[in-house]
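The values are calculated or read from the model by the stated rules, or taken from the named source; none is laboratory data. Since the structure is predicted, the reported quantities are computational estimates derived from the model, not experimental observations. So basically every Cβ, Gly included, is an ideal-geometry build from the backbone, and we count neighbours across all protein chains shown. Just so you know, the surface numbers come from the protein's heavy atoms only, side chains and all, with ligands and any DNA or RNA stripped out. Shrake-Rupley method; radii C 1.70, N 1.55, O 1.52, S 1.80 Å.
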Amino acid sequence: MKSLLPILTVLLAIVALWYAAAVKLNSAWTYDQAVRAGTEVSLSALVKDTLAQERPVLPAPHQVAVGLWDGVFGQAMTSKRSLVYHGWVTLSATLLGFAIGTALGIALAIGIVHNRAMDMSVMPWAIASQTIPILAIAPMIIVVMNSLGLTGLIPKSIISAYLSFFPVVVGMVKGLRSPDAMQLDLLRTYNASARDVLLKLRLPASLPYLFASLKVGVAASLVGAIVGELPTGAVAGLGARLLSGSYYGQTVQIWAALFAAAIVAAGLVMLIGAAERATLARMGLVR
(Lines give C-alpha, C1' and ligand atoms only; values in the text may rest on other atoms or scores of the structure.)
Protein backbone atom coordinates (compact mmCIF):
# COMPACT_ATOMS: atom_id res chain seq x y z
CA MET A 1 0.00 0.00 0.00
CA LYS A 2 2.85 2.38 0.82
CA SER A 3 4.37 1.79 -2.62
CA LEU A 4 1.06 2.64 -4.29
CA LEU A 5 0.57 5.92 -2.40
CA PRO A 6 3.16 7.96 -4.39
CA ILE A 7 1.80 6.58 -7.67
CA LEU A 8 -1.79 7.44 -6.75
CA THR A 9 -0.74 10.90 -5.57
CA VAL A 10 0.97 11.68 -8.87
CA LEU A 11 -1.96 10.22 -10.81
CA LEU A 12 -4.49 12.34 -8.91
CA ALA A 13 -2.36 15.44 -9.46
CA ILE A 14 -2.24 14.77 -13.20
CA VAL A 15 -6.01 14.22 -13.37
CA ALA A 16 -6.66 17.42 -11.41
CA LEU A 17 -4.40 19.45 -13.71
CA TRP A 18 -6.08 17.84 -16.71
CA TYR A 19 -9.54 18.86 -15.49
CA ALA A 20 -8.32 22.40 -14.81
CA ALA A 21 -6.78 22.61 -18.28
CA ALA A 22 -10.00 21.29 -19.85
CA VAL A 23 -12.05 23.99 -18.12
CA LYS A 24 -9.60 26.68 -19.19
CA LEU A 25 -9.24 25.60 -22.84
CA ASN A 26 -12.93 24.83 -23.39
CA SER A 27 -14.22 28.00 -21.72
CA ALA A 28 -13.83 30.11 -24.88
CA TRP A 29 -16.68 28.23 -26.57
CA THR A 30 -18.90 28.55 -23.48
CA TYR A 31 -18.31 32.29 -23.19
CA ASP A 32 -18.89 32.75 -26.92
CA GLN A 33 -22.24 30.97 -26.72
CA ALA A 34 -23.19 33.03 -23.69
CA VAL A 35 -22.36 36.29 -25.50
CA ARG A 36 -24.48 35.25 -28.46
CA ALA A 37 -27.39 34.40 -26.15
CA GLY A 38 -26.90 37.59 -24.13
CA THR A 39 -26.58 35.75 -20.82
CA GLU A 40 -24.07 35.56 -17.98
CA VAL A 41 -22.18 32.36 -17.13
CA SER A 42 -21.73 31.39 -13.50
CA LEU A 43 -18.69 29.42 -12.37
CA SER A 44 -20.69 26.24 -11.80
CA ALA A 45 -22.34 26.52 -15.23
CA LEU A 46 -18.94 27.16 -16.80
CA VAL A 47 -17.40 24.06 -15.24
CA LYS A 48 -20.41 21.90 -16.13
CA ASP A 49 -20.46 23.02 -19.76
CA THR A 50 -16.71 22.85 -20.38
CA LEU A 51 -16.58 19.27 -19.11
CA ALA A 52 -19.47 18.07 -21.26
CA GLN A 53 -18.91 19.62 -24.69
CA GLU A 54 -19.40 17.33 -27.68
CA ARG A 55 -16.28 18.56 -29.48
CA PRO A 56 -14.04 20.09 -26.82
CA VAL A 57 -10.61 21.52 -27.47
CA LEU A 58 -9.34 19.31 -24.65
CA PRO A 59 -11.61 16.44 -23.60
CA ALA A 60 -11.98 15.83 -19.88
CA PRO A 61 -10.60 12.57 -18.46
CA HIS A 62 -14.07 11.06 -18.00
CA GLN A 63 -14.93 11.83 -21.64
CA VAL A 64 -11.80 10.05 -22.82
CA ALA A 65 -12.55 7.11 -20.51
CA VAL A 66 -16.09 6.82 -21.92
CA GLY A 67 -14.80 7.03 -25.49
CA LEU A 68 -12.18 4.38 -24.77
CA TRP A 69 -14.69 2.08 -23.07
CA ASP A 70 -17.18 2.46 -25.92
CA GLY A 71 -14.48 1.82 -28.54
CA VAL A 72 -13.23 -1.33 -26.81
CA PHE A 73 -16.32 -2.87 -25.23
CA GLY A 74 -19.24 -1.04 -26.81
CA GLN A 75 -18.65 -2.21 -30.38
CA ALA A 76 -18.35 -5.56 -32.13
CA MET A 77 -14.70 -6.48 -32.63
CA THR A 78 -15.18 -6.52 -36.41
CA SER A 79 -16.85 -3.11 -36.46
CA LYS A 80 -15.02 -0.24 -38.13
CA ARG A 81 -15.79 1.79 -35.00
CA SER A 82 -14.10 -0.72 -32.70
CA LEU A 83 -10.73 0.18 -31.22
CA VAL A 84 -10.02 -3.54 -30.94
CA TYR A 85 -10.33 -3.89 -34.72
CA HIS A 86 -8.17 -0.84 -35.40
CA GLY A 87 -5.71 -1.83 -32.69
CA TRP A 88 -5.21 -5.25 -34.26
CA VAL A 89 -4.50 -3.70 -37.68
CA THR A 90 -1.82 -1.49 -36.15
CA LEU A 91 -0.50 -4.27 -33.91
CA SER A 92 0.03 -6.65 -36.85
CA ALA A 93 2.21 -4.09 -38.63
CA THR A 94 3.99 -3.34 -35.35
CA LEU A 95 4.89 -6.96 -34.67
CA LEU A 96 6.11 -7.62 -38.20
CA GLY A 97 8.16 -4.42 -38.24
CA PHE A 98 9.52 -5.17 -34.77
CA ALA A 99 10.59 -8.65 -35.88
CA ILE A 100 12.33 -7.23 -38.98
CA GLY A 101 13.98 -4.43 -37.02
CA THR A 102 15.16 -6.77 -34.26
CA ALA A 103 16.65 -9.29 -36.70
CA LEU A 104 18.35 -6.51 -38.67
CA GLY A 105 19.63 -4.82 -35.51
CA ILE A 106 21.12 -8.02 -34.09
CA ALA A 107 22.76 -8.91 -37.41
CA LEU A 108 24.26 -5.43 -37.78
CA ALA A 109 25.49 -5.44 -34.18
CA ILE A 110 27.28 -8.77 -34.65
CA GLY A 111 28.88 -7.45 -37.82
CA ILE A 112 29.94 -4.20 -36.15
CA VAL A 113 31.55 -6.01 -33.22
CA HIS A 114 33.43 -8.50 -35.37
CA ASN A 115 34.39 -6.32 -38.30
CA ARG A 116 36.36 -3.10 -37.96
CA ALA A 117 35.24 -1.83 -41.38
CA MET A 118 31.56 -2.23 -40.46
CA ASP A 119 32.19 -0.50 -37.14
CA MET A 120 33.69 2.50 -38.92
CA SER A 121 31.12 2.63 -41.74
CA VAL A 122 27.77 1.13 -40.70
CA MET A 123 27.48 2.59 -37.20
CA PRO A 124 27.75 6.25 -38.31
CA TRP A 125 25.14 5.62 -41.01
CA ALA A 126 22.84 3.95 -38.49
CA ILE A 127 23.14 7.00 -36.24
CA ALA A 128 22.64 9.41 -39.15
CA SER A 129 19.51 7.54 -40.26
CA GLN A 130 17.78 8.48 -37.02
CA THR A 131 18.24 12.21 -37.67
CA ILE A 132 15.81 12.03 -40.61
CA PRO A 133 12.26 12.89 -39.44
CA ILE A 134 10.04 9.84 -39.84
CA LEU A 135 7.19 12.04 -41.12
CA ALA A 136 9.46 13.04 -44.02
CA ILE A 137 10.66 9.58 -44.94
CA ALA A 138 7.37 7.69 -44.43
CA PRO A 139 5.68 9.02 -47.62
CA MET A 140 8.85 8.22 -49.60
CA ILE A 141 8.79 4.62 -48.38
CA ILE A 142 5.08 4.34 -49.18
CA VAL A 143 5.63 5.61 -52.74
CA VAL A 144 8.59 3.31 -53.38
CA MET A 145 6.75 0.29 -52.01
CA ASN A 146 3.65 1.10 -54.06
CA SER A 147 5.77 1.27 -57.21
CA LEU A 148 6.96 -2.25 -56.40
CA GLY A 149 3.40 -3.45 -55.94
CA LEU A 150 3.68 -3.69 -52.15
CA THR A 151 0.81 -2.11 -50.26
CA GLY A 152 -0.95 -2.53 -46.96
CA LEU A 153 1.00 -4.28 -44.23
CA ILE A 154 4.49 -4.35 -45.76
CA PRO A 155 5.14 -0.57 -46.15
CA LYS A 156 3.92 0.09 -42.60
CA SER A 157 6.12 -2.72 -41.30
CA ILE A 158 9.19 -1.29 -43.02
CA ILE A 159 8.55 2.13 -41.46
CA SER A 160 8.08 0.38 -38.13
CA ALA A 161 11.34 -1.55 -38.58
CA TYR A 162 13.13 1.68 -39.49
CA LEU A 163 12.38 3.10 -36.06
CA SER A 164 12.92 -0.08 -34.06
CA PHE A 165 16.24 -1.36 -35.42
CA PHE A 166 18.41 1.47 -34.06
CA PRO A 167 17.82 0.85 -30.31
CA VAL A 168 18.55 -2.84 -30.91
CA VAL A 169 21.79 -2.06 -32.75
CA VAL A 170 23.06 0.25 -30.02
CA GLY A 171 22.05 -2.05 -27.17
CA MET A 172 23.45 -5.18 -28.79
CA VAL A 173 26.77 -3.54 -29.66
CA LYS A 174 27.10 -2.46 -26.04
CA GLY A 175 26.10 -5.92 -24.84
CA LEU A 176 28.37 -7.86 -27.18
CA ARG A 177 31.29 -5.73 -26.03
CA SER A 178 30.44 -6.06 -22.33
CA PRO A 179 32.64 -9.14 -21.57
CA ASP A 180 35.91 -7.97 -20.04
CA ALA A 181 39.40 -8.74 -21.31
CA MET A 182 39.94 -11.50 -18.74
CA GLN A 183 36.92 -13.46 -19.96
CA LEU A 184 38.00 -13.09 -23.59
CA ASP A 185 41.56 -14.14 -22.76
CA LEU A 186 40.26 -17.20 -20.94
CA LEU A 187 38.38 -18.38 -24.02
CA ARG A 188 41.44 -17.75 -26.17
CA THR A 189 43.50 -19.99 -23.90
CA TYR A 190 40.89 -22.69 -24.54
CA ASN A 191 41.47 -22.12 -28.28
CA ALA A 192 37.86 -21.06 -28.75
CA SER A 193 36.85 -19.90 -32.20
CA ALA A 194 35.20 -16.57 -32.91
CA ARG A 195 31.92 -18.47 -33.25
CA ASP A 196 32.37 -20.07 -29.84
CA VAL A 197 33.19 -16.70 -28.26
CA LEU A 198 30.03 -15.25 -29.80
CA LEU A 199 27.70 -18.06 -28.81
CA LYS A 200 29.12 -18.92 -25.39
CA LEU A 201 30.21 -15.52 -24.09
CA ARG A 202 29.15 -12.47 -26.05
CA LEU A 203 25.51 -13.39 -26.74
CA PRO A 204 24.70 -14.51 -23.17
CA ALA A 205 26.38 -11.37 -21.80
CA SER A 206 24.38 -9.19 -24.20
CA LEU A 207 20.91 -10.42 -23.20
CA PRO A 208 20.28 -7.83 -20.44
CA TYR A 209 21.20 -5.09 -22.91
CA LEU A 210 19.10 -6.70 -25.63
CA PHE A 211 15.94 -6.84 -23.54
CA ALA A 212 16.37 -3.21 -22.50
CA SER A 213 16.70 -2.27 -26.17
CA LEU A 214 13.69 -4.37 -27.16
CA LYS A 215 11.48 -2.44 -24.75
CA VAL A 216 12.47 0.81 -26.44
CA GLY A 217 12.31 -0.76 -29.89
CA VAL A 218 8.80 -2.17 -29.56
CA ALA A 219 7.42 1.21 -28.46
CA ALA A 220 9.19 2.88 -31.39
CA SER A 221 7.84 0.17 -33.67
CA LEU A 222 4.27 1.00 -32.66
CA VAL A 223 4.90 4.68 -33.37
CA GLY A 224 6.27 3.74 -36.79
CA ALA A 225 3.19 1.67 -37.61
CA ILE A 226 0.87 4.55 -36.66
CA VAL A 227 2.93 7.07 -38.64
CA GLY A 228 2.91 4.68 -41.60
CA GLU A 229 -0.90 4.84 -41.65
CA LEU A 230 -1.06 8.63 -41.82
CA PRO A 231 0.26 9.43 -45.35
CA THR A 232 -1.74 6.61 -46.96
CA GLY A 233 -5.13 7.85 -45.87
CA ALA A 234 -5.68 4.48 -44.23
CA VAL A 235 -9.21 3.42 -43.32
CA ALA A 236 -8.12 0.94 -40.64
CA GLY A 237 -5.67 1.20 -37.77
CA LEU A 238 -5.18 3.55 -34.85
CA GLY A 239 -3.56 6.04 -37.22
CA ALA A 240 -6.74 5.97 -39.30
CA ARG A 241 -8.78 6.74 -36.17
CA LEU A 242 -6.53 9.71 -35.48
CA LEU A 243 -6.96 10.93 -39.05
CA SER A 244 -10.75 10.59 -39.12
CA GLY A 245 -10.99 12.26 -35.72
CA SER A 246 -8.92 15.22 -36.91
CA TYR A 247 -10.95 15.52 -40.15
CA TYR A 248 -14.27 15.79 -38.30
CA GLY A 249 -13.10 17.54 -35.14
CA GLN A 250 -13.80 14.50 -32.96
CA THR A 251 -11.25 15.22 -30.27
CA VAL A 252 -12.63 12.55 -27.92
CA GLN A 253 -12.05 9.96 -30.66
CA ILE A 254 -8.48 11.21 -31.12
CA TRP A 255 -7.68 10.98 -27.42
CA ALA A 256 -9.31 7.56 -27.10
CA ALA A 257 -7.16 6.28 -29.98
CA LEU A 258 -4.05 7.78 -28.36
CA PHE A 259 -4.80 6.04 -25.06
CA ALA A 260 -5.51 2.79 -26.91
CA ALA A 261 -2.08 3.05 -28.53
CA ALA A 262 -0.49 3.72 -25.14
CA ILE A 263 -2.21 0.65 -23.68
CA VAL A 264 -1.00 -1.51 -26.57
CA ALA A 265 2.56 -0.22 -26.14
CA ALA A 266 2.44 -0.84 -22.38
CA GLY A 267 1.19 -4.37 -22.98
CA LEU A 268 4.00 -5.12 -25.43
CA VAL A 269 6.63 -3.74 -23.05
CA MET A 270 5.18 -5.84 -20.23
CA LEU A 271 5.38 -8.98 -22.37
CA ILE A 272 9.03 -8.29 -23.14
CA GLY A 273 9.63 -7.62 -19.45
CA ALA A 274 8.09 -10.98 -18.55
CA ALA A 275 10.27 -12.73 -21.13
CA GLU A 276 13.30 -10.88 -19.76
CA ARG A 277 12.64 -11.98 -16.19
CA ALA A 278 12.08 -15.59 -17.22
CA THR A 279 15.19 -15.70 -19.40
CA LEU A 280 17.55 -14.00 -16.97
CA ALA A 281 16.22 -16.06 -14.06
CA ARG A 282 16.93 -19.24 -15.98
CA MET A 283 20.45 -17.95 -16.63
CA GLY A 284 20.87 -17.24 -12.92
CA LEU A 285 21.31 -13.51 -13.44
CA VAL A 286 18.29 -12.53 -11.32
CA ARG A 287 16.46 -14.15 -8.44
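Structure notes:
- In range of the label at Leu25: residues from segment 201-245 whose backbone nitrogen is under 18 Å from the point 7 Å along Cα→Cβ: 242-245
- Dimensionless Rg ratio for the chain, taking C-alpha atoms and the 2.2 N^0.38 Å reference: 1.29
- For segment 65-118, projected area of the alpha-carbon convex hull averaged over all directions, nm²: 5.2 nm²
- Taking the protein heavy atoms of segment 4-55 in the context of the full set of protein chains, the accessible area attributed to carbon and sulfur is 71 percent at 1.4 Å.
- The chain: angle of helix 251-282 to the longest principal axis, Cα-based, in degrees nearest 10: 30 degrees
- Debye, to nearest 20: dipole size of the chain, +1 on Lys, Arg Cβ, -1 on Asp, Glu Cβ: 640 debye
- Computed from the Cα positions only, the extents of segment 4-55 along the three principal axes stand at 49, 20, 13 Å, in decreasing order.
- Pair-distance distribution P(r) for segment 49-179, from all Cα-Cα distances in 10 Å bins starting at 0: 11, 26, 25, 21, 12, 4, 0 percent.
- Solvent-accessible area per residue, Å², over the chain with all protein chains present [probe radius 1.4 Å]: 57 Å²
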